[in-house]
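Have a look at the structure below before the remarks.
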Amino acid sequence: MSSDTPGDYLIGLMTGTSVDGIDAVLTRIGDGHFSLQGTLNQPLPDALQDAVLALCQPGDNEIDRAGTVSRQLSLCYAKACQTLLEQTGLKPEQIRAIGCHGQTVRHRPGESGFSLQLGCPDTLAVETGISVVSNFRNKDMALGGQGAPLVPPFHQQLFARPGQRRAIANIGGMANVTLLDGNTLLGGFDSGPGNVLMDHWIQQHRQQPFDRNGDWAAGGEPDTTLLAQLLDDPYFRLPPPKSTGRELFHGDWLAQHLPGHSEPQQVQATLAELTACSISDALRDFSPQQLLVCGGGAHNHHLLARLQHHLGIPVTSTESEGLHPDWVEAAAFAWLAWARLERRNGNAPVVTGASREAILGQVTLP
């Protein structure tokens, strides 16, 4: 498919662990071709955000609540797609498909594992008149894989360079890393918490959604004893392939370590150091020459400085490579939708541990 073929427009949608809004991108994708045509961030209504977060932990009446939230999310997804088309002047019939990751509320890797994303593809397809590709994770898990992370093959397509040993860190609510040696994808896995604990702590103590630029953390000194306790979690010692989420790293997980560590700014500084150290430790054996960062963490100047301190290599955002860090993950799911429609493999067993490569995603027609 060439870059000027009609119908090579795809939309990618992403709501991540932070549950702070919908990232929507309009892309053109073909063999050896990717370009970003339009972007949109649409906040989620507060009540819907609260409902999603409540479903991230076990509770009463989950099935009914999840069904309602799935429909509500898809109406918001549809609105984001419609706004994006209005902004770019395109019509639904010009869009080949929407790649919709959905909102993860359970991710249970391992034997008989599964991954559950909320969002009704039928509602989204009917509301937009566009085919939807969704449910990207469970095929990989049926093949014995982690079902995550799924973005490394897209990172490989965009950011691999001959003769360069690069790592990509996608720092959203959780953080995952991609290992690229020249054009070869060597691996990738979730390193642990990204922004999720820092966001939780500043929301609790300063009623702010996130630590802008990392300024609050930068004004404190990490508690080395607390940091050692946090890094002692068995997850950090697991060999890849591995993946994680809010099922493990959440407010209660943090609270159990906090007795005796009550100074809020010091805790925030420690949480930033936890993210920096866990990513740096994850990359130590790979020894990259450069780290590219995407996701919300790319805006945390303090976090980037700590990563550069620990790794001793250049740390920059993916914007230096032509793709703004805010849009990388949504773009990855547009690319995965394209791969599904082209009947191309979307997973990477070297990343997830699946027994073989596989075509990922299910197609829902309008």
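The values are calculated or read from the model by the stated rules, or taken from the named source; none is laboratory data. Quick caveat: nothing in here was measured; it's all calculated off a predicted structure. So basically every Cβ, Gly included, is an ideal-geometry build from the backbone, and we count neighbours across all protein chains shown. These area figures cover heavy atoms from the full protein model, side chains too; ligands, DNA and RNA do not enter into them. Shrake-Rupley method; radii C 1.70, N 1.55, O 1.52, S 1.80 Å.
Things to note:
- Residue ID - surrounded by the most Cβ atoms within 10 Å (Cβ to Cβ), chosen from residues in the stretch 301-325 that are closer than 22 Å to Leu271 by Cα and under 17 Å from the mean Cα position of the chain (by Cα): Pro325
- Single residue of Leu307, Leu311 found to be in contact with a Lys or Arg (Cβ under 9 Å, 6 or more places away or on another chain) and closer than 29 Å to Ala276 by Cβ: Leu311
- Single residue of the stretch 327-337 satisfying the filter (in contact with a Ser or Thr (Cβ under 8 Å, 6 or more places away or on another chain) and not aliphatic (A, V, I, L, M)) that is nearest to Val133 (Cα to Cα): Trp335
- Selected residue (only one of Ala331, Ala348, Ala339, Ala298 is out of contact with any strand residue (DSSP E or B) (no Cβ under 7 Å at 6 or more places or on another chain) and crowded, with 17+ Cβ neighbours inside 10 Å): Ala339
- Residues in the stretch 236-252 that are assigned to a helix (DSSP H, G or I), surrounded by fewer than 16 Cβ atoms within 10 Å (Cβ to Cβ) and of a type outside the set (Gly, Ala, Ser): Arg237, Asp252.
- Counted residues, the stretch 326-366 - those being over 17 Å from the mean Cα position of the chain (by Cα) and farther than 22 Å from Gly145 by Cβ: 3
- Restricting the stretch 7-21 to residues that are open to solvent by 10 Å² or more (accessible area, probe 1.4 Å) and hydroxyl-bearing (Ser, Thr, Tyr), the residue that is nearest to Gly119 (Cα to Cα): Thr17
- Number of positions in the stretch 267-307 that are acidic (Asp, Glu) and closer than 25 Å to Thr225 by Cβ: 2
- For the stretch 87-106, a residue qualifies if it is open to solvent by 20 Å² or more (accessible area, probe 1.4 Å) and either among the polar types (S, T, N, Q) or under 27 Å from Asp50 (Cβ atoms) (or both), and the qualifying residues are Gln87, Thr88, Gln94, Thr104, Arg106.
- Of all residues in the stretch 136-145, one or more are free of Cβ contacts under 8 Å to residues at least 12 places away in the same chain and more than 23 Å from Asp285 (Cα to Cα).
- Considering only residues in the stretch 107-127 that are open to solvent by 30 Å² or more (accessible area, probe 1.4 Å) and small (Gly, Ala, Ser), the one that is nearest to Ser18 (Cα to Cα) turns out to be Gly110.
- Scanning the stretch 55-86 for residues that are under 16 Å from Ile22 (Cβ atoms), open to solvent by 10 Å² or more (accessible area, probe 1.4 Å) and either touching a helix residue (DSSP H, G or I) at 6+ places or on another chain (Cβ under 6 Å) or not small (Gly, Ala, Ser) (or both) yields a total of 9.
- Highlighted here are the strands (runs of 3 or more DSSP E) found entirely within the stretch 137-224 that include at least 2 residues which are among the aliphatic types (A, V, I, L, M) and buried (at least 24 other Cβ atoms within 10 Å of the Cβ): 165-171, 174-181.
- Of all residues making up the stretch 1-18, the number that are at pLDDT below 85 and of a type outside the set (D, E, K, R): 9
- Hits in the stretch 253-277 (condition: small (Gly, Ala, Ser) and either crowded, with 17+ Cβ neighbours inside 10 Å or in contact with a Phe, Trp or Tyr (Cβ under 7 Å, 6 or more places away or on another chain) (or both)): Ala269, Ala272, Ala276
- Residue in the stretch 263-272 that is under 14 Å from Pro193 (Cβ atoms), polar (S, T, N, Q) and not in a loop (DSSP other than H, G, I, E, B) present: yes
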